[in-house]
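The structure under discussion appears below in the form of structure tokens.
Where a number appears in this text, it was derived from the coordinates with a stated rule and is not lab data. In this text the structure is predicted, and so the values were computed from the model without any measurement. Because the Cβ atoms are built from the backbone with ideal geometry, glycine has one as well, and the counts that use them run over all protein chains shown.
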Amino acid sequence: MKLVLATRNAHKLREFASLLPGHEIAELPGDVILPPETADTFAANAIEKARTAARATGLPAIADDSGIEAAALGGAPGVRSARYAGAHATDAENLAKLLREAPAGSPLRYVCALAYVDAEGGAHVFEGSCSGTLDPNPRGDGGFGYDPAFLPDDIAEGRTMAELAPTEKDAISHRGRAARQLLVLLDS
């Protein structure tokens, strides 16, 4: 099935292409304007983006909203993960702010809400999460965002998400877990 991915994030495009084997993940056309992520939940933001892409293209669409939650910060940055250090902050700036504000070794959780909207407008949301801890010494050049400082609980060797091979990351990541739920629907 051909699915339009409602994002401008090239990392996510590559990730979903591998997470949804047997399905064509199409880039969002350049003229489609995505709504701002202003909702209070990952699910609400994801549904709005997927609906926008489906309406604009006439194709089924998927969108995720995902982020990191730090227990020491009451769940922040949460839905504001991409804008944690400011509206136009880079991944490095967001990560630096998290490292300043959360204690080393504190519990973290990656969360993903993956919305699927069919061509008729029907919506489904699949949620995945991955728990870990904050490493004060970021390392690794795989992944993106907060990955260099995220030590996943599922990996015993003490490697960050950014140090994992793509297949290892896909097996345990919040996005991978949500995508596998979506696959059940798409392949049924």
Compute the label zone of Met1 within the stretch 163-188: residues whose backbone N is under 20 Å from the point 7 Å along Cα-to-Cβ.
175-188
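Between Arg83 and Glu120, what FRET efficiency comes out of the Förster formula 1/(1 + (r/R0)^6) with R0 = 22 Å and r the beta carbon distance, rounded to 0.05? If you can, show how the numbers build up before the last one.
Working: r = 33 Å, r/R0 = 1.48.
Efficiency at R0 = 22 Å is approximately 0.10.
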Return the lysines within reach of Lys2: Cα separation strictly under 21 angstrom, same-chain partners fewer than 8 residues apart disregarded; answer none if there are no such residues.
Lys12, Lys49
What relative contact order, as a whole-number percentage, does the stretch 2-186 give when Cα pairs under 8 Å and 6 or more residues apart are counted?
19
The chain - Kirkwood radius from inverse mean 1/r over Cα pairs (Å):
16.7
Virtual paramagnetic centre 7 Å along Cα→Cβ of Leu34, amide N under 18 Å, in the stretch 99-120
111-118
Using θ = phi - 60° and Karplus 6.51 cos²θ - 1.76 cosθ + 1.60, couplings along the stretch 16-27 (whole Hz; Gly, Pro as x)
5, 4, 7, 6, 10, x, x, 10, 8, 9, 8, 5
Per DSSP helix of 4 or more residues, -39500 (n - 2.57); summed, then divided by the residues of the chain. What does that give at 222 nm, rounded to the nearest 500?
-9500 deg cm²/dmol
